[in-house]
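Contents: one structure, followed by commentary.
Quick note: the coordinates plus some simple rules give every number you see, no bench work behind them. These figures come from a predicted structure and were not determined experimentally. Cβ placement follows ideal geometry from the backbone for every residue including glycine, while neighbour counts extend to all protein chains displayed.
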Amino acid sequence: MKHSSSPQSATSIPRAPRDDAHARMTKYFIMMSVRVGCFVLMVVITPYGWHTGILAVGAILLPYIAVVVANVGSDSRPVRAVPPGREIEASAPPADAPEPESVIRITETKPESQSRPAPETPDAPRQGDA
């Protein structure tokens with residue numbers, strides 16, 4: 001049996017793997033879109049000059065940078081739990097206290113008897129027939 005010395009806090013829970021993967025794929029997609037833009041602009045813009053070299057460097061280096069950034073992921077170090085500022089004690093309302101008007105109470109009671117006749121089938125003979 002596992003015993004914990006302190007309760008867990010919702011603020012110390014790491015990001016879900018699905019959300020982390022989605023964030024990394026989004027970063028990769030954006031960087032690769034910029035790379036495609038660099039490549040297209042490198043070919044389309046004329047006359048060729050210093051800007052063509054910058055776009056070429058971007059088209060060549062961005063795949064490497066995109067893979068590195070996508071594989072880093074989020075900071076997965078465990079975070080220390082944050083204790084609550086104060087604890088609230090649970091208490092029942094006094095027995096003679098009136099019930100608030102905004103509260104609706106629904107109660108169910110089991111019926112005394114549920115004696116329903118069995119449904120008739122078309123092939124079964126009826127009591128009056130014979």
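Given 0.36 nm per residue, what is the gain on full extension from residue 60 to residue 97 after removing their alpha carbon distance, in nm?
5.9 nm
Given a Förster radius of 41 Å and the C-beta distance between residue 104 and residue 23 as r, what FRET efficiency does 1/(1 + (r/R0)^6) yield to the nearest 0.05?
The computed FRET efficiency comes out at 0.45.
Modelling each spin label as a point 7 Å along the Cα-to-Cβ direction, I'd like the residue 30/residue 51 distance in nm, to one decimal.
In this crude spin-label approximation the distance works out to 2.4 nm.
For the range 19-72, what is the largest minus smallest coordinate of the Cα atoms on each principal axis, given in angstrom and ordered from greatest to least?
Principal axes ranked by extent give 44, 15, 9 Å for the Cα atoms.
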